[in-house]
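One structure is given below, encoded as structure tokens.
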Amino acid sequence: RLMLTQLEENGLEFIASWQPNGKSLIIRDEQALVQQIIPIYFKQSSFRSFERQLNKYGFIRIRSTEKSCKIYFHDFFVRGNLSLRQSMRGIQTKHYSKVGSTSEPSKASIPSTLCQVKPSN
């Protein structure tokens, strides 16, 4: 959450941001995320490791029509609702698929234009 807030405050939404409804994480520039953002906030150094952490906490990847855009959803990952975050728990096994999020937003609720944010100059 802190990462997304700071990306937004610094005009870096073209890398990653909240979905406008505040219920999903959108990654628009995987390479920039790995090079500029992940080292600041996480111990991982690759996108695959970051993605495994999302899986470990029960995030669901939502398929986008744009291959360069990756969207992750979790019931307890909601913008401005810190009390829900306390319900998120990591999983200690290799089987992540059944834990975490219990619902998934419909793909129709995620327009592909969300992936098309450009850097602000």
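For the range 40-50, in order, what is each residue's ³J(HN,Hα) by Karplus, 6.51 cos²θ - 1.76 cosθ + 1.60 with θ = phi - 60°, in whole Hz (x at glycine and Pro)? Result, ordered by residue: 6, 9, 9, 7, 6, 10, 9, 5, 4, 5, 4 Hz. Count charges around S49 for me, please; just the other residues with Cβ under 12 Å from its Cβ, Lys/Arg as +1, Asp/Glu as -1. Here the charged neighbours net out to +3.
Compared with the alpha-carbon gap, the fully stretched path from N21 to R63 is longer by 13.4 nm at 0.36 nm per residue. With a simple spin-label model that places each label point 7 Å from the Cα along the Cα-to-Cβ direction, the separation between L2 and F47 comes to 2.5 nm.
Please find the FRET efficiency linking Q36 to N81, where r is the Cβ-Cβ separation and R0 is fixed at 35 Å, and quote it to the nearest 0.05.
Using R0 = 35 Å, I get an efficiency of 0.85.
Quick note: the coordinates plus some simple rules give every number you see, no bench work behind them. All figures in this text were calculated on a predicted structure; none of them were measured in a lab. Glycine gets a Cβ as well: all are built from the backbone with ideal geometry, and neighbour counts include every protein chain shown.
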